[in-house]
Amino acid sequence: MRHLAILAALALPLAPALAAEGDRPGIEPKPAALIADGIPEVPADITAATRPYMENRSASFVGWNEVDRSMLIATRFGNTAQIHRVAAPMGARQQLTFEAEPVGVGAWSPKSADIMLVQKDVGGNEFFQIYALKDGRLELLTDGKSRNGYNAWSRDGTTLAYTSTRRNGRDSDIYLIDPRDRASNRMIAQVEGGGWAVNDFSPDMRWAIVSQYVSVEQADLFRLDLASGALAPIGDHKKAIAQRGAEFAPDGTIWLTSDEGSDFQRLGTLDPASGKFTAKGPAEKWDVTSFNIADDGSFIAYVVNEAGMSKLRLLDPKNGAVRTVDLPAGVIGGVSIAPWGEVGFSFTSARSATDAYSVDPKTLKVTRWTQSETGGLDVTKNVEPELVKVKSFDGLEVSGFLYRPDPAKFPGKRPLIMSVHGGPESQSRPGFMGRNNYLLNEMGVALFYPNVRGSTGYGKTFVGLDNGPFKREDSVKDMGAFLDSLAKDKGLDASRFGLTGGSYGGYMCYAAATHFADKLRANLCVVAISNFVTFLENTQEYRRDLRRVEYGDERVPAQRKKLMEISPLTRVSEIRKPMFVVTGANDPRVPASEADQIVAAVRGKGGTAWHLVGTNEGHGFAKKENADYQFWTSLIFWQKYLLD
């Protein structure tokens, strides 16, 4: 996963905003769905100055059509990302879905490609529904109310496995359906918990392999009998092992990644009878993040995350030989092998927006399928990040990516904004900066993306160092170590440091406002946790237990006390610098009440708190007109409180 700037790049469309009230000369109309509380109006000259940076697109690889060999991508030409078809490399992008809400998941049925399925929600509420695309319209296959998750097609294209909370709103039961016949829908397994998913069907269609996500450090596997619906555990579930991406080879061998016996995710095979994992291929020193098996079993494409940079390798499972695809430094996603052997994937770097590519497995030749618009800007002039490593309070090495403005254009010490990723089980990685390039290229603001303890990509020991309420603030101290180190950098102005973050990064943003008020001039906190207890009590029920594993259990008195102690809302009197809070009214993860209560508390203490609410948004702004307005108001905020 990448930092917020890269994630935002997917949904940067071109539609002008619609005003809630009449247009006025010199003022950018505010989108009708936004509530701007305590925020100045946006001058039109800001929108004009930033326009090229707002008009970049991206194209994420989604999948293949096995009949006509076309590619599915997610891109956007309106206000939201939609599914498009590309018939050949650099061919026209033919739009297939035309929804008001983003559509980023789509798949043709295997073999026949006679039906395409998509997944979408409403207003960012993440209560996803699954639809069949028929005659340009979406036909609802699920119940229209619960949260549903697209899982896996059978190889013959007759059966789709998905999960749904329709039974009680909490547990993700497993369902099977032939999407051509809605009456075929049936629950095959009733489960407890929200972390369930069907990984793959066995070649003989007698059983499926199912995973239950317990935490970032543990994912258990089960055998699901397709005749009886019985679930049988594979291996010893008392052992905390993270097993991911289980997939059947044509001969029935199960491949997956696992950290059993290692600090990192390794590629290997699983014996379903004993649960024994056997690592295959060369010993990678970093996580194997994803893989896919060729239909004929002749090779496996897998991706390694080397300190944030992706490497794409092809493994011959017969002799263990590995070849590495020659790609620039960047981030790879969505790897999928077509039946004819072509490897499709997405790729992004500091100088390339996310686009779709393929690799010939015989020659390793890379072919570009899309070239997304970048607002007319020359992306080759974008700055590349540098890796910064520091020792934290306890001697632990933590690192992050620093983007510096061009010193020829912006001499002297530069202001800096630190941007902390969410998760916390995530990682800041060096991809395309999108609109944030405006801060670098036109405002001369340096950007720093830290990976504090608890981040993924650095091994399971590292990712567990912030678990529970009693270790939580150790990651906050890591931010302090970064701030102290960056303050000594001769190219940075320590008197003009700001901090931002979203989701868990938003909690870190609030926490930084209390712990490091003397080191920061302002904080911009997006969809953020302000009180761990109220967050855990009010987050959607299907995900509550999963979050308790990470943060702590508010029902346990000692943990509740500690969670209250470390919550930024408890320490709101220590927030002395201006704050900008961004909220999605439909957010199922971090409820809008988390923002409401801290905005009220800061203002109650006489502090400054801007508040931007998207009434048609969830966990972050996905609609272009809203995301644009958020960016413009953030520029006003930084100009006033960071650069002034």
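The values are calculated or read from the model by the stated rules, or taken from the named source; none is laboratory data. Predicted, not measured: the structure shown is a model, and the values here were computed from it. Counting neighbours? That spans all protein chains shown, and the Cβs are built from the backbone with ideal geometry, glycine included. Each accessible area value is taken on the protein alone, full model and side chains, heavy atoms only, with ligands, DNA and RNA left out. Shrake-Rupley method; radii C 1.70, N 1.55, O 1.52, S 1.80 Å.
Which of Val118, Leu141, Thr165 sits farthest toward the positive end of the charge dipole of the stretch 95-248, with +1 on the Cβ of Lys and Arg and -1 on the Cβ of Asp and Glu?
Thr165
Report, in degrees rounded to the nearest 10, the 0 to 90 angle that the Cα long axis of helix 44-54 makes with the longest principal axis of the chain.
Compared with the principal axis, the helix lies near 30 degrees.
So how strong a dipole does the chain carry about its Cα centre when Lys and Arg Cβ are +1 and Asp and Glu Cβ are -1, to the nearest 20 debye? Working shown, then result.
Details: 75 positive and 77 negative charges, 205 e Å.
My answer is approximately 980 debye.
Suppose the Debye formula is applied to equal point scatterers at every Cα of the stretch 171-312; what is log10 I(q)/I(0) at q = 0.09 Å⁻¹?
For the requested q values the scattering log ratios are -0.29.
The stretch 319-386: which chymotrypsin sites (Phe, Trp or Tyr not before Pro) are DSSP loop and have at most 14 other beta-carbon atoms within 10 angstrom? Please list the in-between numbers first.
On the way: sites: Trp340, Phe345, Phe347, Tyr357, Trp369; in loops: Trp340, Trp369.
When the chymotrypsin sites (Phe, Trp or Tyr not before Pro) of the stretch 319-386 are filtered for loop state and at most 14 Cβ neighbours within 10 Å, Trp340 remain.
If each of Glu373 and Glu574 carries a label point 7 Å out from its Cα toward its Cβ, how far apart are those two points in nm?
4.8 nm
Non-local amide H neighbours of Trp207 (under 5 Å, H modeled in plane, Pro and chain starts lacking H): which ones?
Ser202, Leu226
At a 1.4 Å probe radius, carbon and sulfur cover how many percent of the accessible area of the stretch 353-449?
Working: 1840 of 3720 Å².
In the stretch 353-449, the share of accessible area belonging to carbon and sulfur is 49 percent.
Around Ala59, under 13 Å between beta carbons, what's the net of Lys plus Arg minus Asp minus Glu among the other residues?
Numbers: positive: Arg57, Arg76, Arg85, Arg93, Arg368; negative: Asp355, Glu373.
Local charge sum for Ala59: +3.
Compute the acute angle (0 to 90°) between the alpha-carbon long axis of helix 468-487 and the principal axis of greatest extent of the alpha-carbon atoms of the chain; round to the nearest 10°.
60 degrees
To the nearest 10 degrees, how steep is helix 541-551 against the longest Cα principal axis of the chain, on a 0 to 90 scale?
Roughly 70 degrees between the two axes.
Would you work out the Kirkwood radius for the stretch 356-435? I mean one over the mean of 1/r across all pairs of different Cα atoms, in Å. Present the calculation step by step, with values, prior to reporting the outcome.
On the way: mean 1/r = 0.0602 Å⁻¹.
After inverting the pairwise mean of 1/r, the radius is 16.6 Å.
Answer with one residue from Thr367, Pro424, Gly444: the one whose Cα lies farthest towards the positive end of the charge dipole of the stretch 337-463, charges on Cβ with Lys, Arg +1 and Asp, Glu -1.
Gly444
Considering only protein heavy atoms, what per residue accessible area in square angstrom results for the chain with a 1.4 angstrom probe?
On the way: 24400 Å² over 644 residues.
I get 38 Å² per residue for this part.
How big is the equivalent ellipsoid of the stretch 355-505 along its three axes, where each semi-axis is √(5λ) from the Cα gyration tensor, reported in whole Å from largest to smallest? List each step's numbers first, then the result.
Numbers: eigenvalues 167, 114, 33 Å².
That gives 29, 24, 13 Å for the three semi-axes.
If we restrict to alpha carbons, what Rg and Dmax does the chain come to, in Å?
24.0, 72
What does the charge dipole of the stretch 94-232 about its Cα centre add up to, to the nearest 20 debye, if the Cβ of each Lys and Arg holds +1 and the Cβ of each Asp and Glu holds -1? Don't skip to the end; give the middle numbers.
Numbers: 15 positive and 19 negative charges, 52 e Å.
The calculated dipole for the stretch 94-232 is roughly 240 debye.
Work through the residues other than Asn148 whose Cβ is under 15 Å from its Cβ and net out their charges, Lys, Arg +1 and Asp, Glu -1.
Values: positive: Lys120, Lys145, Arg147, Arg166, Arg167, Arg170, Arg182, Arg186, Arg543; negative: Glu101, Asp121, Glu126, Glu139, Asp143, Asp171, Asp173.
That works out to +2.
Does the stretch 305-397 come out rounded, prolate or oblate, given a ≥ b ≥ c as the square roots of the eigenvalues of its C-alpha gyration tensor, rounded meaning a/c under 1.5 and, failing that, prolate meaning a/b above b/c?
Working: a/c = 2.90, a/b = 1.23, b/c = 2.36.
It comes out oblate by the Cα gyration axes.
Per Stokes-Einstein, at 37 °C and 0.692 mPa s, what whole-number D in µm² s⁻¹ belongs to the stretch 209-273, with the Kirkwood radius over Cα pairs as the hydrodynamic radius?
It comes out at roughly 268 µm²/s.
Out of every Cα-Cα pair in the stretch 499-629, what percent are more than 21 Å apart? Before the final figure, lay out the partial values.
Working: 3141 of 8515 pairs.
Value for the stretch 499-629 (Cα pairs over 21 Å): 37 percent.
Need one number: % antiparallel among DSSP beta bridges in the chain, to the nearest 5. Write out the running numbers ahead of the final one.
Values: 117 of 142 bridges.
Beta bridges within the chain, antiparallel portion: roughly 80 percent.
Separation of the stretch 306-352 and the stretch 590-635 by C-alpha centroid, Å?
If you average the Cα positions of each part, the centres end up 38 Å apart.
With charges only on Cβ, +1 for K and R and -1 for D and E, what is the dipole size of the stretch 359-505 about its Cα centre, in debye, rounded to 20?
On the way: 20 positive and 17 negative charges, 39 e Å.
The dipole magnitude comes to about 180 debye.
For the stretch 63-185, what is the Kirkwood hydrodynamic radius in Å, using each pair of distinct C-alpha atoms? List each step's numbers first, then the result.
On the way: mean 1/r = 0.0669 Å⁻¹.
About 14.9 Å for the stretch 63-185.
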